[in-house]
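Presented below is the structure to which this report refers.
Quick note: the coordinates plus some simple rules give every number you see, no bench work behind them. What you see is a predicted model, and the numbers here were worked out from it, not measured in a lab. With ideal geometry, Cβ positions are generated from the backbone for all residues, glycine too; neighbour counts draw on all protein chains shown.
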Amino acid sequence: MLLNCIIIDDSTGALFQAADAIRSVPELRMQHLFEQVHEARAWLQKNGPVDIIFTDVEMPEISGIEAVGILKPFTKWIVFTTAYKKYAFEAFEKSVDGFISKPIRPVKLIQTLDRLQQRHSKASDTLLREANVRFVKGLSGKLDSIALKDILYIESDKNYIRVHTKEDMYTVHLTLQKAYMSLHQLIALVQISKSALIAIEHVVKVFGNYITMADGKEFTVQPNFREAFVHRLQPLSWTAKRNSSA
């Protein structure tokens, strides 16, 4: 699911740095940038709520802490962004949904999104993972049902994607970006290049920038996607270590 967001920061440099980081995270769509809280509020009143508001803390006129009560009706989540860790306690007191220390980097945004999305029901997640997804296969128009848990990786080919399972490959008239938006909330997909998504749970080997999937397919993680890949891989690595020591 694509999450709409806005950023509030009185520093133009910090504002654009945060915007660049947000643009590199596929789950986020930046709607607007603001240097003042009252400007953001006026825009939200006119255009409607967003999923996430990223706001600096130390700002003239209205601080981020003071802005929580003003902005909360217009968003699902408020995340503080600041260079001063001393505000972490105020964030906790105000029941802010997240806290990111500057400079804002894509991996920090991904970590914050993961924490926010963990609030979803685990029971609901289990049901979704057991569900099937239906694709129109290739040019035949035939509908094929694929179990979500069986998807290994997805590769793009212009306006088509190839969905690979251990047993078969499905050609679908869909872009890679749309496939990610439709599926990443249901299974743990991560983008490793401009043309490939992989299901983390089906990675069997990682060596440097090279990964091997359960069917033997090998991929190279492109530099621009490595940080996000390593972050998503860490929980899996910890689980593997814990199981091996049990």
Descending packing, highest mean Cβ count within 10 Å first, for 221-231, 187-197, 203-213 is 187-197, 221-231, 203-213
In the neighbourhood of Ala21 defined by beta carbon distances under 13 Å, the net charge of the other residues (Lys, Arg +1; Asp, Glu -1) is 0
Whole-Å distance linking the alpha carbon centroid of the range 59-84 with that of the range 170-229 is 35 Å
With a ≥ b ≥ c from the Cα gyration tensor eigenvalues, square-rooted, and the rule rounded for a/c under 1.5, otherwise prolate when a/b > b/c and oblate otherwise, the range 10-73 is oblate
With R₀ set to 41 angstrom, the calculated FRET efficiency between the beta-carbons of Thr175 and Ser11, to the nearest 0.05, is 0.70
With label points set 7 Å from each Cα along the Cα-to-Cβ direction at Trp43 and Lys149, the distance between them in nm comes to 4.4 nm
Row for the range 175-214, column shape: gyration tensor on C-alpha, a ≥ b ≥ c, rounded if a/c < 1.5 i.e. under 1.5, prolate if a/b over b/c, else oblate; value oblate
Extension length gain for Asp168 and Arg29 (0.36 nm per residue less Cα distance), in nm, is 46.7 nm
For Pro106, the net charge from surrounding residues (Cβ-Cβ under 11 Å; K, R +1; D, E -1) works out to +1
